[in-house]
Each structure stands twice: as C-alpha cells, then as structure tokens.
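Chemist: This is the structure, below, for whatever I ask next.
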Amino acid sequence: MSPQNKNKWSIDLTLREQDAGHDSLQKLPPPPGLRKVGALESKIQSEGLGAAGSRSASKDAQIIAQRKKAKAMSVAMSPGRQIAMNGFMMYMSGKNLNIFSISICSMAILSPLKGIFGISKTFKPFEDPDGRVDLQMAKLIHIALNLTWLCIGLYKMATMRLLPTTSADWSGAVVWKELMETSSIPP
C-alpha cells in the first residue's frame, strides 16, 4: 500500500517493476486483436524515414488512419441508436400532456441540436494533422441522423398539439373587421 492512500480499505493495483511477477507479465504477448495505437503513433513520429522504415511507417500510419476513420463512423452512427430508444420512449409516453412526455419531447429537440452544434468538438479526436483521415462522410451522417431525430421530436410535439400547426392556433393574430352598422333582423 502506498503512503498516499489514507484509507485502510483502499488498495493500489498498479504494477511496478519491483513487484513479483512483473517480468513474466511483460513477456506475455498482447491479447489477440489488441493494437497499441498510441505506441504506433509515437513510433511513427520518432522514427526516421529510412528505406525500410518508411514502408513500415506508412503502413502503420495507414492502419491508424483506418482505425480513426472506423471509430469516427461509429461515433457518427450513435444518434441512430438514440433515435430508436427515444422513439420508443415517445411512443410509450402517449399523446397526453404530462411532465414525462414533455421532458422526453424536450430531450428529443435539444439533444440533436446540441449534437449538430457540437460536431467539431465531437470529431476533434479523430482529426489528423496530415489530412489522412477523411471525416466528411462521418460528419454528414452524424448531421443527417440528428436532423432525423429532430424531425421525430417535432412530429411528436405536433401530435401533442404543442406546435401551432392549424389555423385555430393563429386565431389571436387574425384582425377582425369592425362592423359599421348592426341590425336586429337575422339574415
């Protein structure tokens, strides 16, 4: 236990070089499918561009670019999963006005707007200074799914009669013609 831990029940699970079994754990191969992207990035940056090194560096850079693009597409498709979940929640809330249905509708309106306005912050980790990762399609998919989600939220608000979609909703803005004379005889 390290001296920084103040509580008796806290345990430091950090593996150090002096711990038993450190060498044997370092000799084990990494699990299948695991790539050390950070190590590859630092290797590419620190490695000189030799004849054999440039081929492996460019191959590693292509692998990193492909991984970043795949992760960006995964992030771009995330509003699609939220559409299905929120659509089911809006269906279950019904057409009656209550706090639950209004909060779900407001979430269905505000979340896509936040997603659209924060798109640059969302895809910032996937940008590449060399321009190898093309994020145009991922951003377009992200915007399209958020707009779909926004339209579903607006449709739900219209079915709950919260949006002014009929002429009766605008009757307060109608200017009534003032009658010049009245008659007691019905027409």
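Chemist: Which length gain, in nm to one decimal place, applies between Ser58 and Ser103 when the Cα-Cα distance is subtracted from 0.36 nm times their residue separation? Before the final figure, lay out each step's value.
Modeler: Numbers: separation 45, 0.36 × 45 = 16.20 nm, distance 5.01 nm.
Here the segment from Ser58 to Ser103 would lengthen by 11.2 nm.
Chemist: Turning to a different aspect of this structure: With every protein chain present, what is the per residue accessible area of segment 88-187 (1.4 Å probe, Å²)?
Modeler: Values: 7570 Å² over 100 residues.
Per-residue accessible area for segment 88-187 comes out at 76 Å².
Chemist: Net charge within 11 Å of Pro125 by Cβ-Cβ distance, Lys/Arg positive one each and Asp/Glu negative one each, not counting Pro125 itself?
Modeler: Numbers: positive: Lys68, Lys71, Lys121, Lys124; negative: Glu127, Asp128.
Combined, the nearby Lys, Arg, Asp and Glu give +2.
Chemist: Give, in nm to one decimal, the length gained when the segment between Ile11 and Ser24 is fully stretched (0.36 nm per residue of separation minus the Cα-Cα distance). Numbers along the way, then the final one.
Modeler: Values: separation 13, 0.36 × 13 = 4.68 nm, distance 2.20 nm.
Here the segment from Ile11 to Ser24 would lengthen by 2.5 nm.
Chemist: Okay, moving on. With a 10 Å radius around each residue's Cβ, average the other Cβ atoms per peptide and rank 146-159, 116-129, highest first.
Modeler: Numbers: 146-159: 17.8, 116-129: 12.7.
Taking the mean over residues of other Cβ atoms within 10 Å, the ranking is 146-159, 116-129.
Chemist: Calculate the FRET efficiency for Ser167 and Leu147 from the Cβ-Cβ distance with a Förster distance of 25 Å, rounded to the nearest 0.05.
Modeler: Numbers: r = 27 Å, r/R0 = 1.10.
According to the calculation, E is roughly 0.35.
Chemist: Near Leu150, within a Cβ-to-Cβ distance under 15 Å, what is the net charge of the other residues, with Lys and Arg +1 and Asp and Glu -1? Could the numbers behind the result be given before it?
Modeler: Working: positive: Lys114, Lys156; negative: none.
Every neighbour counted, the sum reads +2.
The values are calculated or read from the model by the stated rules, or taken from the named source; none is laboratory data. Just so you know, these numbers come straight off a predicted model, no measurement behind them. Heads up, the Cβs are rebuilt from the backbone with ideal geometry, glycines too, and the neighbour counts pull from every protein chain shown. Each accessible area value is taken on the protein alone, full model and side chains, heavy atoms only, with ligands, DNA and RNA left out. Shrake-Rupley method; radii C 1.70, N 1.55, O 1.52, S 1.80 Å.
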